[in-house]
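Structure first, commentary second.
The values are calculated or read from the model by the stated rules, or taken from the named source; none is laboratory data. Predicted, not measured: the structure shown is a model, and the values here were computed from it. Ideal geometry is used to build each Cβ from the backbone, glycine not excepted, and the neighbour counts take in all protein chains shown. Side chains are part of the model used for accessible areas, which takes the heavy atoms of the whole protein and leaves out ligands, DNA and RNA. Shrake-Rupley method; radii C 1.70, N 1.55, O 1.52, S 1.80 Å.
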Amino acid sequence: MRVLPEPAAGCKSPVKFFYMKNILFSHSYFLRFDPKQWELGQPYAPLGTLYAAAWMRENGYKVSVFDSMFAKEPDEILAPIEIQKPDFFVIYDDGFNYLTKMCLTNMRDAAFRMIGLAKERGCTVIVSSSDSTDQYEKYLSEGADFVLMGEAEISLLELVSAIGGGEKDFISIPGLAFKANGATIKTAARPLIKDLDTLPFPAWDLINMEPYRRTWMKHAGYFSMNMGTTRGCPFKCNWCAKPIYGNRYHSRSPRNVVRELKFLKENYDFDHIWFCDDIFGLKPGWVSEFAKLLENEDMAFKFKIQARADLLLQENYIKDLARAGCDNIWMGAESGSQKILDAMDKGITVDQIHSATELLRKHRIKPSFFIQFGYLGETKEDIEKTVRMINKLLPFEIGISVSYPLPGTSFFEKVKADLKEKTNWTDSDELKLMFRNTYQPAFYKQLHRYVHKSYRMSIAFQNIRNLLANPMKMTPAILKKALSVAYYFPAAFLARRKLNALEKISF
C-alpha cells in the first residue's frame with residue numbers, strides 16, 4: 001500500500017465540471033437482515049445517504065436513491081439500475097446510525113453483492129461507510145472502484161467531477177482509497193467540514209417515508225424521525241471508533257436546525273425526533289438558544305438525545321432541554337464499577353451517573369442507560385455492581401451489549417490477537433464476546449437475558465411499593481407493571497440459575 005503525503009494546509013483539490021452524470025445512491029443496511037431490529041420496528045431513514053444525495057444534487061448532478069431499509073434482498077438494486085442507468089453507483093452508508101458502525105457481516109455481504117451487480121452493468125462503484133473505511137482492501141477486492149475515507153461529501157464531489165472531466169490521476173484528491181497499476185493507493189486524509197450550515201438539508205424527498213411511518217405507528221404508536229445537529233465527538237472512550245467524523249466536534253446552528261424541523265413538520269408531520277448526535281448540545285448556550293427558537297416558532301414536540309453523565313449535572317442545561325421538549329436521554333453509563341469506567345477511559349464516575357439520573361427525573365426527563373458488559377478485566381464483582389446500579393436507579397430503558405472491538409481503537413489493539421475466528425457480529429442480537437475474557441461467550445449472552453428480567457422484576461416491585469403507598473394513584477399502566485412480578489420474579493430466578501451454571505464452565 002502507498003500512502004500519499006498530506007496536501008498543504010487549506011489546499012483543496014479543484015472541482016472541474018465538464019458534464020453532469022447520473023448517480024444512483026444506496027446504503028447497505030437491510031432491516032430484514034437484522035431480526036432484532038426488524039421485530040422492534042423502529043427504523044430511521046439513512047440520514048448520511050440523504051445528505052450525500054442532497055449535496056450532489058445541489059452541485060448539479062442527477063441523483064436518485066434506492067433505500068434498502070425495507071428491501072428483501074440486495075438483488076432488488078437491479079430494477080433501479082436498469083431504469084436509471086446510472087454512471088455512478090454509490091453505496092453511502094449512514095454514519096449517524098450506530099448499527100452501521102458495528103459493521104455487521106449481513107450488511108457487508110449485502111454491500112458486496114450490490115457492488116458486483118452494479119459492476120456487471122457498467123457502473124463506476126464508489127463506497128463510503130465505517131466498514132469500508134476500516135476494511136477498504138476488502139471492498140476494492142470485491143470490485144469497488146473507490147472507497148471514500150471518513151467524512152465523504154466533498155471527496156465524492158471532487159472524485160465524480162474529476163472522472164466526468166476525463167481525469168485518470170486521482171492522487172491529489174484527499175480521502176480516497178483505490179487501486180492503480182496493481183497497487184492500493186490511499187490518499188491524504190480529508191479535512192472535516194467545519195461549517196455544517198453550508199450543507200443542504202438531507203434529500204428527504206428521494207425516499208418514501210410512508211413505510212417508516214407505518215412501521216413506527218404499528219410498533220410504537222407514534223412516528224419518529226431522525227436528525228443530526230452535530231458531527232463527531234471530542235471524548236476518547238477507548239472502545240469507541242469514529243471512522244467517519246472523528247474526534248473533532250462540529251455543530252449546526254440552532255437556527256439551521258429549527259429551519260429543518262419546520263420543514264419536516266410541514267412535510268412529514270412527525271410526532272417525535274431522535275437527535276442522533278454522539279453528544280447533543282455540547283456547545284455552551286446552544287440548547288438555550290434552541291429552546292428559545294422553538295418557543296418563538298410555537299413548535300412543541302418530544303425528542304430524545306444521547307449525552308454523558310458528567311454533562312448532565314448542570315441544572316440550567318437540563319432545564320433548557322426540558323423546555324425544548326426533551327423527554328428521554330440515553331446516557332452512556334456502561335458500568336456500575338468505577339474500575340471498569342476508568343479502564344475504558346470513560347471520564348465519568350458512578351456517582352455522576354447517580355446524580356445525573358436524579359437531576360433528569362427532577363425535571364421530568366426519562367433517563368435511559370447504555371450498558372456494556374465484558375470489558376477487559378471485568379469480574380463477577382464488577383458485574384454485580386452494574387446490576388445493582390440498574391436495579392436501584394431503574395432507568396426508563398436499558399440497552400445492553402458486550403464489548404465489541406472496532407478497528408482504530410486502543411481496545412481493539414489490546415484484543416486483536418484473539419480475533420482469529422470472528423471479528424464482527426452477523427446481526428445486532430448476536431452479542432457474542434469475540435475475545436478471551438473472564439467468562440465464556442455463552443455466559444454474556446445469558447447475562448443479557450438475566451439483567452433484563454431482573455430489571456423488569458425490580459420495576460414491578462417498585463410499582464407494588466408505589467401502589468401500597470398511594471393506592472389512589474393507581475392507573476391501568478401502574479397496575480399492569482405491578483402484576484408483572486408474577487412473571488418476572490420466577491423468570492429472573494431461573495435466568496440467574498442458568499447464569500450461575502455457565503459461570504462455572506471454563507472458557
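Looking at (1) closer than 22 Å to residue 108 by Cα; (2) open to solvent by 60 Å² or more (accessible area, probe 1.4 Å), which is the only condition residue 427 fails?
(2)
Of the residues 163, 171, 185, which is open to solvent by less than 10 Å² (accessible area, probe 1.4 Å) and over 20 Å from residue 94 (Cα atoms)?
185
Would you be able to say whether some residue in segment 213-227 is closer than 28 Å to residue 133 by Cβ, of a type outside the set (Lys, Arg) and either open to solvent by 10 Å² or more (accessible area, probe 1.4 Å) or modelled with pLDDT under 95 (or both)?
no
Is it true that residue 72 is of a type in the set (Lys, Arg), touching a helix residue (DSSP H, G or I) at 6+ places or on another chain (Cβ under 9 Å) and either open to solvent by 30 Å² or more (accessible area, probe 1.4 Å) or at pLDDT 95 or above (or both)?
Answer is yes for this residue.
Looking at segment 194-207, I want the residues that are open to solvent by less than 50 Å² (accessible area, probe 1.4 Å) and have a partner that is polar (S, T, N, Q) and not in a loop (DSSP other than H, G, I, E, B) with Cβ atoms under 8 Å, at least 6 apart or on another chain. Which pairs are those?
196/230; 196/251; 196/256; 204/267; 206/64
Check whether at least one residue in segment 118-138 is hydrophobic (A, V, I, L, M, F, W, C) and open to solvent by 20 Å² or more (accessible area, probe 1.4 Å), and report yes or no.
Within segment 118-138, none of the residues are hydrophobic (A, V, I, L, M, F, W, C) and open to solvent by 20 Å² or more (accessible area, probe 1.4 Å).
Would you be able to say whether some residue in segment 295-309 is at pLDDT below 95 and in contact with a strand residue (DSSP E or B) (Cβ under 6 Å, 6 or more places away or on another chain)?
Within segment 295-309, none of the residues are at pLDDT below 95 and in contact with a strand residue (DSSP E or B) (Cβ under 6 Å, 6 or more places away or on another chain).
Find the residue count for segment 432-447, including only residues that are assigned to a helix (DSSP H, G or I), open to solvent by less than 30 Å² (accessible area, probe 1.4 Å) and not hydroxyl-bearing (Ser, Thr, Tyr).
Counting residues in segment 432-447 that are assigned to a helix (DSSP H, G or I), open to solvent by less than 30 Å² (accessible area, probe 1.4 Å) and not hydroxyl-bearing (Ser, Thr, Tyr) gives 3.
Search segment 145-156 for residues being open to solvent by less than 10 Å² (accessible area, probe 1.4 Å) and aliphatic (A, V, I, L, M), and hand back the single one that is nearest to residue 230 (Cα to Cα).
If we take residues in segment 145-156 being open to solvent by less than 10 Å² (accessible area, probe 1.4 Å) and aliphatic (A, V, I, L, M), then 152 is nearest to residue 230 (Cα to Cα).
Considering only segment 38-104, give the helices (runs of 4 or more DSSP H) lying wholly within it that have at least 2 residues that are without any contact (Cβ under 8 Å) to a residue 12 or more places away in the chain.
78-84
Any residue at all in segment 448-458 that is among the polar types (S, T, N, Q), open to solvent by less than 80 Å² (accessible area, probe 1.4 Å) and outside any helix (DSSP H, G or I)?
Scanning segment 448-458 turns up no residue that is among the polar types (S, T, N, Q), open to solvent by less than 80 Å² (accessible area, probe 1.4 Å) and outside any helix (DSSP H, G or I).
Taking residue 209 and the conditions (1) modelled with pLDDT under 95; (2) closer than 16 Å to residue 261 by Cβ; (3) not polar (S, T, N, Q), which numbered condition does it fall short on, given that it satisfies the others?
(1)
For segment 283-337, give me the residue count where each residue is under 29 Å from residue 350 (Cβ atoms), of a type in the set (A, V, I, L, M, F, W, C) and either open to solvent by less than 20 Å² (accessible area, probe 1.4 Å) or part of a helix (DSSP H, G or I) (or both).
Going through segment 283-337 one residue at a time, the tally reaches 16.
Anything in segment 310-356 that is in contact with a strand residue (DSSP E or B) (Cβ under 7 Å, 6 or more places away or on another chain) and aromatic (Phe, Trp, Tyr)? List them, or say none.
Once the filter is applied, which keeps residues that are in contact with a strand residue (DSSP E or B) (Cβ under 7 Å, 6 or more places away or on another chain) and aromatic (Phe, Trp, Tyr), segment 310-356 yields only 330.
Suppose the filter is assigned to a helix (DSSP H, G or I) and open to solvent by less than 10 Å² (accessible area, probe 1.4 Å); does residue 340 pass it?
For residue 340, the condition - assigned to a helix (DSSP H, G or I) and open to solvent by less than 10 Å² (accessible area, probe 1.4 Å) - is met.
Output the number of residues of segment 344-392 satisfying the condition of being in a helix (DSSP H, G or I) and either open to solvent by less than 50 Å² (accessible area, probe 1.4 Å) or of a type in the set (Val, Ile, Thr) (or both).
Adding up the residues that qualify gives 16.
Looking at segment 92-116, which of its residues are of a type in the set (A, V, I, L, M) and within 17 Å of the chain's Cα centre (by Cα)?
99, 102, 104, 107
Determine whether segment 241-252 contains at least one residue that is in contact (Cβ under 8 Å) with a residue 24 or more places away in the chain, in a strand (DSSP E or B) and not basic (Lys, Arg).
Within segment 241-252, one or more residues are in contact (Cβ under 8 Å) with a residue 24 or more places away in the chain, in a strand (DSSP E or B) and not basic (Lys, Arg).
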